[in-house]
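To keep things clear, I will list the structure first and then write my remarks on it.
Throughout, read-outs are computed from the coordinates displayed, never taken from laboratory work. Note that the structure is predicted; figures quoted are calculated from it, not measured. Cβ coordinates were reconstructed from backbone atoms using ideal geometry, including for glycine residues, and neighbour counts include every protein chain displayed.
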Amino acid sequence: MSDKARVLYDAAGKAVRCVGAVVDITPRREFLAQLEQRVAERTESLQETTQQLNDFCYSVAHDLKAPLRSQIGFANMLMEDFAAALGDEGREYVRCIEQSAERQAALVRDLLAHVSVSRIDLPLQPVSLATAIQQARADLASLEKSSQASVEILPADIKVQANPASLHLVLSNLLSNALKFVAPATQPKIMVWIEPINLYVRVWIEDNGIGIAPEHMDRIFGIFQRLHARERYPGTGMGLAIVKRAAERMGGRVGVESELGKGSRFWVDLKACSTK
Ligand code: ADP
């Protein structure tokens, strides 16, 4: 039943009457229940389809890995055992084959990462941010060394609710971009710090790189969106799309503040965790 009433008052403000109606809303309730049931069924079927698509994409990407490995392996063997016979032109062709295969391997790797953060089942657990940042940094140790970067990580012993593998993808993609997108002959300077904001923890990653023009700041989070030629800055254009998808799937958000030519500051909000 739905019961609505209004009180009528006299000039002195005294309640004198109550006017209202009692309506039987059983049919409305039944209709709503049916609607909810239908939405639940459709959501389940959509989730199933998404999962099937993800599984398909995963197995295609996975199966592409083996032939790529063999292409790279045979190209290496050609260079090692037949370098002289190939001549300058032949060696150049083999180098092109190697480069294309390596680019494709990077694409396959990023596709697999994108599928992994799109999984329906992405369980969250308390994760130490300090450890996650250290692990992401360790993965990039050779790039950090070869670019002679200075990386400063301000200490903070904070835990967040995250999926460890997805958080690793977020941090390693943001850190590798910070190391990569610097002007020629510039030493990368990166600073990472943490800022608690209400129920979230914000991780900041600041660089002294080439920066991003305001009109491109949204676009770069889309899949295959790149602002530079691959020859200048290598990449697949999937890194930030993975970061965005992973952050959102963990209940967080991602964004950037930047000025062209003056560096960028990417941030990720992750759900705070009460247990330290
Ligand atoms: P990729 O690194 O493979 O090019 P991303 O999705 O990681 O792809 O980044 C998309 C684009 O955003 C990059 O090609 C680059 O133009 C820009 N970008 C990302 N990170 C930075 C950064 N730290 N500084 C300047 N530009 C950046």
- Farthest towards the positive end of the dipole of segment 1-120, among V108, V22, A75 and with Cβ unit charges of +1 on Lys and Arg and -1 on Asp and Glu, lies the Cα of V22
- Longest principal axis of the chain (C-alpha) makes with the long axis of helix 164-180 (C-alpha) an angle, in degrees to the nearest 10, of 50
- Whole-Hz couplings from phi, Karplus 6.51/-1.76/1.60, listed for segment 245-254; x for Gly and Pro: 4, 5, 4, 5, 5, 8, x, x, 9, 9
- Message: Suppose only helical runs count, i.e. DSSP H with n ≥ 4. What mean residue ellipticity at 222 nm does that imply for the chain under -39500 (n - 2.57) per run, divided by all residues and rounded to the nearest 500 deg cm²/dmol?
- Response: -18000 deg cm²/dmol
- Before anything else, pin down the relative contact order of segment 125-271: Cα pairs under 8 Å, at least 6 apart, normalised by residue count, whole percent. 25
- Query: On full extension of the chain, what length is gained from L32 through I97, given 0.36 nm per residue of separation minus the C-alpha to C-alpha distance?
  - Reply: 17.4 nm
- Message: Compute the angle between helix 129-139 and the longest alpha-carbon principal axis of the chain, please, reported from 0 to 90 degrees and rounded to the nearest 10.
- Response: 30
- Task: Grab the beta carbon distance between S2 and E231, set R0 = 51 Å, and tell me the FRET efficiency rounded to 0.05.
- Result: 0.15
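What ranking do 39-48, 239-248 get when scored by the average of other Cβ atoms within 10 Å per residue, highest first?
With the highest mean Cβ count within 10 Å placed first, the list reads 239-248, 39-48.
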- What number comes out for the charge environment of R17, summing +1 per Lys or Arg and -1 per Asp or Glu over other residues with Cβ under 14 Å away? +1
- Message: From the phi angles alone, apply the Karplus equation (6.51, -1.76, 1.60; θ = phi - 60°) to segment 141-149 and give each ³J(HN,Hα) in whole Hz, x where the residue is Gly or Pro.
- Response: 4, 6, 5, 4, 6, 5, 8, 6, 6
